[in-house]
Each structure stands twice: as C-alpha cells, then as structure tokens.
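Contents: one structure, followed by commentary.
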C-alpha cells in the first residue's frame, strides 16, 4: 500500500482499526491475543525514510498511550545481523538501497530502545540469542 500517497490515509485508518479490533478482543472476549505484526512501528520508521510527508500519522507516543491501558507485551524482534541478511537476500529489483535500509534499521533500534526504556512490557527478542520459542522467551521474562 505504500506505493502511492493516495493510500497513506487508508494505511493509517487500517492500522488504527486493527488496533481497535485487538483492544476490543482483549477487553470483551478475554482472548489471549498474540500479535506478531510490526505494522504501527513499521510505519513510524519506514515513514521517516520513504514517506516523510506522512511521518506524523504514526506517533509512537500514541501507540504507547494505547498500550498503557491493556495488559500486553510488545516484543521487538531484531538482531545484529539484519542489515547483512537483507543485503544477502534482497531482490535486486527491490526499491530499498542499502542506505535507506540502514536508516530503517536505525529507526527500529531507536524506537525499540525508547519504548523498552519507557515501559516494563516491551522486550527485545533476538532469535540468535534467545532461541526459536517466543513463548519460552516470555516465560523467562516473567
């Protein structure tokens, strides 16, 4: 959806609606909801690199405020080899150049560090350090 500025407002509505759905399920259905999706944080960091005219639409403090009222954990999945893996595996027709991708990774690390420092329910999960089970990782985190 990111190819045309005409879609950017729709992306914002989609992400807000998705968060509303998750919040409703947590509050009303008492379901354990596991969301392994980085949509909102992705828009924060990808937007800075590729959609600077739209960067204010996904403020991490808005995400932080919405999370505050829910009993949730936010897990950032990131490891130190992501730039190298991207370089090795990327499609040569992909529009991201190395500098832009490095900007995205730096943006994720900044966002992750800020949210982890600010909240007790945000974690950094590194597959190479913590193993393949997010459930086991969360049990160790308490």
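Looking at the range 110-135, which of the residues that are crowded, with 16+ Cβ neighbours inside 10 Å and either assigned to a helix (DSSP H, G or I) or modelled with pLDDT under 80 (or both) is farthest from the chain's Cα centre (by Cα)?
Only one residue tops the list, namely 130.
Would you check if residue 75 is at pLDDT 75 or above, closer than 28 Å to residue 120 by Cβ and in a helix (DSSP H, G or I)?
Taking the combined requirement at face value, the residue does not satisfy it.
Which residue is surrounded by the fewest Cβ atoms within 10 Å (Cβ to Cβ), if the candidates are limited to the range 50-69 and must be closer than 20 Å to residue 9 by Cβ, modelled with pLDDT of 70 or more and within 15 Å of the chain's Cα centre (by Cα)?
Per the criteria, the residue is 59.
Residue 99 versus (1) within 30 Å of residue 142 (Cα to Cα); (2) modelled with pLDDT under 80: which is the lone unmet condition?
Against the list (1) within 30 Å of residue 142 (Cα to Cα); (2) modelled with pLDDT under 80, residue 99 comes up short only on (1).
The values are calculated or read from the model by the stated rules, or taken from the named source; none is laboratory data. None of these values were measured; they are calculated from a predicted model. Neighbour counts are summed over all protein chains in view; Cβ atoms, including those assigned to glycine, are modelled from backbone coordinates with ideal geometry.
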